[in-house]
Amino acid sequence: MRTGKLKTNSNCLAWLFLGPSLLGFSLFYLLPFVTGFYYSLVDSPINRTLVGLYNYTALLKNPSFLLALYNTAKFTVICVPLNIFFSLAAALLLNRKIRGRNLFRTVFITPLVIPVGFAIWS
């Protein structure tokens, strides 16, 4: 009998800890996602005339959107691998035991630290 009560208390404690996270997730991620999807299926948020997937088909026929989609894909395919390569190269170079390593590390990290210092002391 004691094991069942302990399990019930453990479940209640788990839900007690999960509650705030689930509430925050629902309010700040799930609700805006569902609302945005609903608004994409209606004519306007004021009239709320259901148009179904017409907005998506109109979007896919829009040349400006297709150009923006192409540019975004090209930017992603080119820049993400380059960013990963140069970041990894910088990390490997800053981790090697070479002369002046501390100077290189300082020069590399200073632009990242200065804005934090201004934010703290201003």
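Segment 45-121 holds helices (runs of 4 or more DSSP H) entirely within its bounds, and those carrying 2 or more residues that are within 30 Å of residue 35 (Cα to Cα) and either touching a helix residue (DSSP H, G or I) at 6+ places or on another chain (Cβ under 9 Å) or among the aromatic types (Phe, Trp, Tyr) (or both) map to 54-61, 63-95.
Yes/no per residue for (1) surrounded by 10 or more Cβ atoms within 10 Å (Cβ to Cβ); (2) β-branched (Val, Ile, Thr); (3) modelled with pLDDT under 90; (4) within 26 Å of the chain's Cα centre (by Cα):
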{"site": "11", "(1), (2), (3), (4)": "yes, no, yes, no"}
{"site": "27", "(1), (2), (3), (4)": "yes, no, no, yes"}
{"site": "73", "(1), (2), (3), (4)": "yes, no, no, yes"}
{"site": "76", "(1), (2), (3), (4)": "yes, yes, no, yes"}
{"site": "90", "(1), (2), (3), (4)": "yes, no, yes, yes"}
{"site": "99", "(1), (2), (3), (4)": "no, no, yes, no"}
{"site": "107", "(1), (2), (3), (4)": "yes, yes, yes, no"}
{"site": "116", "(1), (2), (3), (4)": "no, yes, yes, yes"}
{"site": "119", "(1), (2), (3), (4)": "no, no, yes, yes"}
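In segment 16-42, the residues that are within 28 Å of residue 52 (Cβ to Cβ) form Cβ pairs under 7 Å with partners that are outside any loop (DSSP other than H, G, I, E, B), at six or more places apart or across chains, as follows: 40/55; 41/50; 42/50.
The values are calculated or read from the model by the stated rules, or taken from the named source; none is laboratory data. Please read these numbers as outputs of a predicted model, since none were measured by experiment. Please note: Cβ atoms are built from the backbone with ideal geometry, for glycine as well, and neighbour counts cover all protein chains shown.
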